[in-house]
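A.B. asks: First the structure, which I've put down as structure tokens, then a few questions once you've had a look.
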Amino acid sequence: MKWVYWSRLYDSKFQAGCLVQRMEHDSWVFGLDVPQEIEVFRSRKGKYGVRYMP
């Protein structure tokens, strides 16, 4: 499987981490499939993003 990248980059690692928590929480609340792996990564320009494996 390949990584799916979230369409937005964030200025801080905290903001990207909040998105990760939100993705995990929404999947639990709404009964959606939880991605196999979710991680925060740093781009070459120094911003942070989120990628996951469905």
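A.B. asks: What list of ³J(HN,Hα) values in whole Hz, one per residue of the stretch 37-54 in order, does the Karplus curve 6.51 cos²θ - 1.76 cosθ + 1.60 (θ = phi - 60°) give from phi, with Gly and Pro shown as x?
C.D. replies: 8, 10, 8, 9, 10, 10, 7, 5, 8, x, 8, 10, x, 10, 9, 8, 10, x
A.B. asks: Quick check: the angle from helix 13-30's long axis to the longest principal axis of the chain, C-alpha only, nearest 10 degrees?
C.D. replies: 10
A.B. asks: Now, a different point. Taking H as built 1.01 Å from N, whose amide H comes closer than 5 Å to the amide H of K47, not counting residues under 5 places away?
C.D. replies: Close amide H contacts, sequence-distant or interchain: none at all.
A.B. asks: Can you put W3, W28 in order of accessible area, largest first, using a 1.4 Å probe?
C.D. replies: Result, largest first: W28, W3.
A.B. asks: Another question about this same structure. Projected area of the chain, taken from the Cα convex hull and averaged over every viewing direction, in nm²?
C.D. replies: 3.7
A.B. asks: If you don't mind, another one. In Å², what does the accessible area per residue of the chain work out to with a 1.4 Å probe?
C.D. replies: Accessible area per residue: 82 Å².
A.B. asks: What is the local net charge at Q36, summed over the other residues whose Cβ is closer than 14 Å to its Cβ (Lys, Arg +1; Asp, Glu -1)?
C.D. replies: Here the charged neighbours net out to -2.
A.B. asks: Give me the percent of accessible area attributable to carbon and sulfur for the chain, probe 1.4 angstrom.
C.D. replies: Its accessible area is 53 percent carbon and sulfur atoms.
A.B. asks: OK, next. Given a 1.4 Å probe and the protein chains all in place, what does the accessible area of S27 round to, in Å² to the nearest 10?
C.D. replies: 10
The values are calculated or read from the model by the stated rules, or taken from the named source; none is laboratory data. The structure presented is a predicted model; accordingly, all values stated were derived computationally and were not measured. Don't worry about glycine lacking a Cβ; one is built from the backbone with ideal geometry, like all the others, and counts go over all protein chains shown. For the accessible areas, the whole protein counts, side chains as well, though only heavy atoms, and no ligand, DNA or RNA atoms are used. Shrake-Rupley method; radii C 1.70, N 1.55, O 1.52, S 1.80 Å.
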